[in-house]
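Have a look at the structure below before the remarks.
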Amino acid sequence: MSQTDARARDYRAQLAPGTPLRHGLERILRGRTGALVVIGQTDIIRRISTGGFALDTPFTPTALRELAKMDGAIILSASGDRIVAAGVQLMPDADLDTEETGTRHRTADRVAQQSGCAVITVSASMNTISLFLDDQRYPIEAPGAILSRANLALQTLERYRSRLRGILRRLSVLEVQDQVTVQDLVLLAQRLEMVRRLERETAGYVTELGTDGRLIELQLLEVNARATDLSEALTNDYRPDDTSEFSFDRTIELPDSDLADLALVARTIGFTVPLEAEVSPRGYRQLASVQRLPHTVVQRLIDHFDGLQGILGASITELRQVEGVGGHRARALRDFLTQLTELSYAEPPGE
């Protein structure tokens, strides 16, 4: 996400349904008068402003609606909680390129480019609200349209999550049988990154929906937490001993078109061996499934048995020799490992 897009996401939160600013803008839409609103009174805004009058009064939706009945722009404080001036004529640099045709939108685009401030337009003729930031224009859609796209994104996200779970089951089989290749991990990394990108897209809709997006936000919390934990576990499991430049989180750097290139994804993560090369897990991901097993104990197990294969073959007596395991924890761990082995050999590592 670019810096401009990140800023736009923050401003969209200020413009979300249920916020005072959005309420005021919607009142202007219903009144069909149009408006041009600048968020931030900077030195550049002062230089390109003429006329108008100073206010410095608390922001209210009603005040915004009434001031929009007059010609000229409305200037808000950077936080948007005060109306600084109204009736202002803005005269930005006419040499700045813009593809906008209407006077209000052309002015908004140039002011945003020249000042770096966010500029909002309300179009009476088109019945739209737009956010201008740097050289970008972001339409502010009606809640119903955003909610429809958010629900579609959630459905797509659930399908990708289901496929990711299938790939993880297959990986568990391969890990027990010690047959994991770099390609298996790259395919998993692709799916994981797709899930995370869909999660970020859906999170953007939540921001735009404001109070209307609470239910969708709750559904996303679990997705985000699990994706972060999985990426960290995979990184710890497969990081080569001779490098620190290795992480499954690095796929975020790739554009969508490059995510389909298996070799490129492998290099981005930090693999330096061919796709067909076999690699062995240390066991972080699997041991994370054992309830109430502290991370310190997990690390001791991995160090003591030199990875997952050694842990899988350990007896209860051998497990108890590791500091912090004890009799009860050793039996629970042995039961988990036995079940993992049985399930893995019962399910062939198919595609």
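The values are calculated or read from the model by the stated rules, or taken from the named source; none is laboratory data. Everything quoted here is computed from the prediction, not taken from an experiment. Here the Cβ positions follow ideal geometry from the backbone for every residue, glycine too, while neighbour counts run over all protein chains shown. Remember, those area values only see protein heavy atoms, side chains included, never the ligands or the DNA or RNA. Shrake-Rupley method; radii C 1.70, N 1.55, O 1.52, S 1.80 Å.
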Take the stretch 315-351 and flag every residue that is of a type in the set (Val, Ile, Thr), under 21 Å from Ser280 (Cβ atoms) and either in the same structural domain as Arg169 (by TED's automatic domain parsing) or over 37 Å from the mean Cα position of the chain (by Cα) (or both). Val322, Thr338
Can you list residue pairs whose Cβ atoms sit under 9 Å apart, with the first residue in the stretch 262-286 being under 30 Å from Leu337 (Cα atoms) and the second being among the polar types (S, T, N, Q) and in a loop (DSSP other than H, G, I, E, B)? Count only pairs 6 or more apart in sequence or on different chains. Ala266/Thr272; Ile269/Ser247; Gly270/Thr243; Gly270/Ser244; Gly270/Ser247; Glu278/Gln179
When (1) among the small types (Gly, Ala, Ser); (2) touching a helix residue (DSSP H, G or I) at 6+ places or on another chain (Cβ under 9 Å); (3) more than 15 Å from Ala35 (Cα to Cα); (4) open to solvent by less than 60 Å² (accessible area, probe 1.4 Å) are applied to Ala94, the one that fails is (4)
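Do we find that Glu100 is surrounded by fewer than 20 Cβ atoms within 10 Å (Cβ to Cβ), more than 23 Å from Asp10 (Cα to Cα) and under 34 Å from the mean Cα position of the chain (by Cα) in this structure?
Numbers: surrounded by fewer than 20 Cβ atoms within 10 Å (Cβ to Cβ): yes; more than 23 Å from Asp10 (Cα to Cα): yes; under 34 Å from the mean Cα position of the chain (by Cα): yes.
Yes; evaluated as a whole, the condition is true for this residue.
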The conditions are (1) farther than 19 Å from Ala124 by Cα; (2) at pLDDT 95 or above; (3) outside any strand (DSSP E or B), and Thr107 fails exactly one of them. Which is it? (1)
Matching residues, the stretch 238-271, being open to solvent by 90 Å² or more (accessible area, probe 1.4 Å), over 19 Å from the mean Cα position of the chain (by Cα) and among the polar types (S, T, N, Q): Ser244
Quick one: in the stretch 56-114, which of the residues that are hydroxyl-bearing (Ser, Thr, Tyr) and in contact with a Gly (Cβ under 8 Å, 6 or more places away or on another chain) is farthest from Leu21 (Cα to Cα)? Ser77
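Kindly indicate whether any position in the stretch 130-137 is surrounded by 14 or more Cβ atoms within 10 Å (Cβ to Cβ), basic (Lys, Arg) and free of Cβ contacts under 8 Å to residues at least 24 places away in the same chain. Before you say what the answer is, go through the steps one by one.
If we filter the stretch 130-137 for residues that are surrounded by 14 or more Cβ atoms within 10 Å (Cβ to Cβ), which is where we start, we get 130-137.
Remaining after also requiring basic (Lys, Arg): 137.
Add one more test, that the residue is free of Cβ contacts under 8 Å to residues at least 24 places away in the same chain, and what stays is none.
No, the stretch 130-137 contains no residue that is surrounded by 14 or more Cβ atoms within 10 Å (Cβ to Cβ), basic (Lys, Arg) and free of Cβ contacts under 8 Å to residues at least 24 places away in the same chain.
In the stretch 65-91, what count of residues is obtained for those that are open to solvent by 70 Å² or more (accessible area, probe 1.4 Å) and closer than 22 Å to Thr128 by Cα? Working first, answer last.
Residues of the stretch 65-91 that are open to solvent by 70 Å² or more (accessible area, probe 1.4 Å), as a first pass: 66, 69-71, 78-79, 81-82, 89, 91.
Narrowing the set further to residues that are closer than 22 Å to Thr128 by Cα leaves 66, 69-71, 89.
The total comes to 5.
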For the list (1) open to solvent by 50 Å² or more (accessible area, probe 1.4 Å); (2) within 22 Å of the chain's Cα centre (by Cα), I need the number of the one condition that Asp178 fails. (2)
Among the residues listed as Leu275, Leu259, Leu293, the single one being farther than 19 Å from Gln177 by Cα and in a loop (DSSP other than H, G, I, E, B): Leu293
Filter the stretch 11-42 down to the residues that are touching a Ser or Thr at 6+ places or on another chain (Cβ under 8 Å), open to solvent by 60 Å² or more (accessible area, probe 1.4 Å) and assigned to a helix (DSSP H, G or I) and list them by number. Pro20, Arg27
Taking Thr62 and the conditions (1) part of a helix (DSSP H, G or I); (2) open to solvent by less than 20 Å² (accessible area, probe 1.4 Å); (3) β-branched (Val, Ile, Thr), which numbered condition does it fall short on, given that it satisfies the others? (2)
What tally of residues in the stretch 144-164 results from selecting those that are open to solvent by less than 40 Å² (accessible area, probe 1.4 Å) and either at positive phi or more than 15 Å from the chain's Cα centre (by Cα) (or both)? 3
Top-ranked residue in the stretch 306-350 [being buried (at least 18 other Cβ atoms within 10 Å of the Cβ) and of a type in the set (Val, Ile, Thr); ranked as nearest to Val176 (Cα to Cα)]: Ile311
With the checklist (1) open to solvent by 30 Å² or more (accessible area, probe 1.4 Å); (2) within 14 Å of Thr33 (Cα to Cα); (3) in a strand (DSSP E or B); (4) among the hydrophobic types (A, V, I, L, M, F, W, C) in hand, flag the one item Leu55 doesn't pass. (2)
Return a yes/no flag: does the stretch 297-314 have any residue that is among the aliphatic types (A, V, I, L, M), assigned by TED's automatic domain parsing to the domain that holds Phe248 and outside any loop (DSSP other than H, G, I, E, B). no
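Scan the stretch 32-65 residue by residue and report those that are of a type in the set (Asp, Glu) and either touching a residue at least 12 places away in the same chain (Cβ under 8 Å) or closer than 18 Å to Thr121 by Cβ (or both).
Let us first name the residues in the stretch 32-65 that are of a type in the set (Asp, Glu), namely 43, 56.
Correct list: Asp56 only.
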